[in-house]
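First comes the structure, then the notes that go with it.
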Amino acid sequence: MTLGWIAAALLAPLLLAACSDSEPSMAEYVEEIDAVFQQGLAEYEVLVNGPEGLVLIVGQGPHLGFDDQGAQLTDFTPQDLHVVLSRVAEIQDAAIATAAEIEPPEPLAELHALYFRTLPIAALADRAATAADWEELSATPEMAAYRDALEADNQVCAQFQVKLDSIADSGAFVDTPWMPTQLADLADYALACDALPADPQAVYRP
């Protein structure tokens with residue numbers, strides 16, 4: 001989801017807004033972005049458990065630990081995907097809009113950019129609304145861009161750990177030794193590294 005990682009106007013007042021002009025401490029920053037991801041994940045869980053939500057699971061394989069309940073892609077239509085992906089796009093947009101108001105501490109700026117990336121979800125959602133069937137949608141440029149983005153997510157997940165290790169080696173976490181683990185956990189929310197499809201080019205293929 002991908003989403004990965006993993007995370008719109010529907011994300012009603014998030015509990016943070018980074019109103020201060022001063023750069024937050026690293027601990028404050030982690031608390032702020034954790035609130036963004038927790039809110040987004042809560043919205044995503046509601047979506048997946050809704051009437052069409054399983055189409056997100058059966059199209060990409062297990063995601064964020066949800067059970068596919070034996071469903072098949074043929075149990076759904078591209079229009080079902082349109083409904084849920086439109087919602088996912090809103091969740092993504094809200095998280096990114098909130099993140100834009102958060103000034104990351106300088107050592108974490110690169111990680112912040114990895115957490116909050118825009119994926120081509122909205123374009124695929126729009127195309128799904130008009131597709132006659134899964135074969136047609138599978139062959140569209142919008143689906144190709146989505147699959148490529150999932151493939152890029154795998155690379156981003158690898159880059160994330162490299163960057164995190166580099167920051168740790170610089171001594172940035174000497175006063176907060178717990179933070180690398182916390183940041184890695186947040187990557188699971190944002191990037192869904194453990195839930196990315198093994199073969200991104202196979203997602204939503206009938």
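Worth pointing out:
- Selected residue (criterion: nearest to residue 115 (Cα to Cα)) from residues of the range 169-187 that are surrounded by fewer than 16 Cβ atoms within 10 Å (Cβ to Cβ) and aliphatic (A, V, I, L, M): 184
- Index of the failed condition, residue 121 passing every other in (1) closer than 19 Å to residue 91 by Cα; (2) surrounded by fewer than 21 Cβ atoms within 10 Å (Cβ to Cβ): (2)
- Given (1) over 14 Å from the mean Cα position of the chain (by Cα); (2) under 24 Å from residue 158 (Cα atoms); (3) in a helix (DSSP H, G or I); (4) at pLDDT 85 or above, number of the condition residue 110 does not satisfy: (4)
- Selected residue [at pLDDT below 85 and under 21 Å from the mean Cα position of the chain (by Cα)] from 70, 53: 53
- Long-range neighbours under 7 Å by Cβ, at least six apart or interchain, first residue under 15 Å from residue 197 (Cβ atoms) within the range 138-149, second basic (Lys, Arg) and surrounded by fewer than 17 Cβ atoms within 10 Å (Cβ to Cβ): 138/205
One line per residue, one yes/no per condition, for (1) more than 19 Å from residue 34 (Cβ to Cβ); (2) in a helix (DSSP H, G or I):
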residue	(1), (2)
85	yes, yes
95	no, yes
101	no, no
114	no, yes
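- Some residue of the range 132-147 being buried (at least 20 other Cβ atoms within 10 Å of the Cβ), among the hydroxyl-bearing types (Ser, Thr, Tyr) and over 30 Å from residue 26 (Cα atoms): yes
The values are calculated or read from the model by the stated rules, or taken from the named source; none is laboratory data. Just so it is clear, the structure is predicted and the values come from calculations on it, not from any experiment. Backbone-built Cβ (ideal geometry, glycine too); neighbour counts: all protein chains shown.
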